[in-house]
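Down below is the structure, laid out as structure tokens.
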Amino acid sequence: MSSVVVAGSFNVDHVWRCDALPAPGATIAGRYSTGPGGKGFNQAVAARRAGAATHFLCALGDDAGGALARQLAGADGIELVAEASSEPTGTAGIYVDARGRNSIVIGAGANASLSQTFMEANAALIGGAKVLLAQLESPVESIEKALGLAREAGVLTMLNAAPANAHSTIGLLKLADVLTPNETEFAALLGRHVGERVEADDVAALDGASLHALCRKLSGNTVVVTLGAVGVFVSHDEDRLRGDAQPYYRVAAESVQVVDTTGAGDAFNGALAASLAHAPEAAFIKHVRFANQYAARSTEHEGAALSMPRMTPADAA
């Protein structure tokens, strides 16, 4: 079975569903639920349910949240490898409105303890994967170490540069063979590293050539900008098209009945990693189409990690 290693965060999500997102100073009624989340764990669950043998590198507290992570990973067949932390397991407060939009507050907790030393201790595991997938809810130095170890071993590296306000460096971005920001993260990266000021709400409306040019300024490797209901934009280096016929293109969003968009970006990333691991020789557009379909299906159900569908590239063929 194809192998994906995900390095990143686990959170216990506390979710309130309400008619509208709360305004500053407002007290509103909502419906509460709790469950697993964290970008790293969400993506690991997506990769596993999309058919890849998956290892998840994370940091957990010695508490109920850590026990939950181990239990759920085991139930999904994910090999969880955790660094012990004296901090509580990470948490997230999530508000979801009637249109499926969300606002999220993260309490890093143990996620902030994920160390470079731990990554080095798992160098053999990282080097034995087909794809390494990471995000930025963990210390950037540790994520950079994981990407560097994977690159040295010839493993395909994916970086979901999320959340938008996370610290990042050009060196970190260069370690990603595939960089996968959403429009908000893309705009933030452009402002931070390129000096280009683009409003996040304007990214999807840019013409293909202009958006491709911005992607090329940001990274010399493949950039995949997820655009929510508008779909996905892909930009390659013109000398490395990854099997595609053109250096840039759009893939339209799938038509679904949206219930909750929480975790949709994570669904896309996990599914993309699984598909790349499953058939690395296939044209990149095939992987993107599968990930796009997988992410759309994830929005038809409430929740983050638990909303990930069981759907492999073979199912979508």
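The values are calculated or read from the model by the stated rules, or taken from the named source; none is laboratory data. Source: prediction; values computed, not measured. Using ideal geometry, Cβ is built from the backbone for each residue, glycine included, and neighbour counts are taken over all protein chains shown. All accessible areas refer to the heavy atoms of the entire protein, side chains included, with ligands and DNA or RNA removed. Shrake-Rupley method; radii C 1.70, N 1.55, O 1.52, S 1.80 Å.
The single condition from (1) in a strand (DSSP E or B); (2) open to solvent by 40 Å² or more (accessible area, probe 1.4 Å) that R151 fails is (1). Among residues of the range 289-317 that are farther than 21 Å from N182 by Cα, those with a Cβ under 6 angstrom from a residue that is open to solvent by less than 20 Å² (accessible area, probe 1.4 Å) and outside any helix (DSSP H, G or I), sequence gap 6+ or separate chain, pair up as L306/G35; T312/A50.
Take A53 and tell me if it is among the hydrophobic types (A, V, I, L, M, F, W, C), at pLDDT 95 or above and farther than 22 Å from T117 by Cα. When the stated conditions are applied, A53 passes them. Please verify whether the range 40-63 includes one or more residues that are within 15 Å of A108 (Cα to Cα), among the small types (G, A, S) and assigned to a strand (DSSP E or B). Yes: one or more hits. In this structure, does L159 turn out to be free of Cβ contacts under 8 Å to residues at least 12 places away in the same chain and buried (at least 16 other Cβ atoms within 10 Å of the Cβ)? Taking the combined requirement at face value, the residue does not satisfy it. Looking at T180, T184, can you tell me which residue is out of contact with any His (no Cβ under 6 Å at 6 or more places or on another chain), within 18 Å of D266 (Cα to Cα) and open to solvent by less than 20 Å² (accessible area, probe 1.4 Å)? Residue meeting the stated conditions: T180. Of the numbered criteria (1) assigned to a loop (DSSP other than H, G, I, E, B); (2) touching a residue at least 60 places away in the same chain (Cβ under 8 Å); (3) more than 17 Å from the chain's Cα centre (by Cα), the one G25 fails is (2). When the residues of the range 228-267 are filtered to those that are part of a loop (DSSP other than H, G, I, E, B) and in contact with a Phe, Trp or Tyr (Cβ under 6 Å, 6 or more places away or on another chain), the one that is surrounded by the fewest Cβ atoms within 10 Å (Cβ to Cβ) is G243.
Each row is one residue, and each column tells you yes or no for (1) assigned to a loop (DSSP other than H, G, I, E, B); (2) touching a residue at least 24 places away in the same chain (Cβ under 8 Å); (3) surrounded by fewer than 20 Cβ atoms within 10 Å (Cβ to Cβ); (4) of a type outside the set (V, I, T).
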{"site": "A75", "(1), (2), (3), (4)": "no, no, yes, yes"}
{"site": "V81", "(1), (2), (3), (4)": "no, yes, yes, no"}
{"site": "A110", "(1), (2), (3), (4)": "no, yes, no, yes"}
{"site": "T117", "(1), (2), (3), (4)": "no, no, yes, no"}
{"site": "E120", "(1), (2), (3), (4)": "no, yes, yes, yes"}
{"site": "K145", "(1), (2), (3), (4)": "no, yes, no, yes"}
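Every condition in (1) modelled with pLDDT of 95 or more; (2) open to solvent by 50 Å² or more (accessible area, probe 1.4 Å); (3) under 30 Å from A29 (Cβ atoms) holds for Y95 except the one numbered (1). Scanning the range 1-38 for residues that are at pLDDT 90 or above and in contact with a Pro (Cβ under 8 Å, 6 or more places away or on another chain) returns F10, N11, V12, I28.
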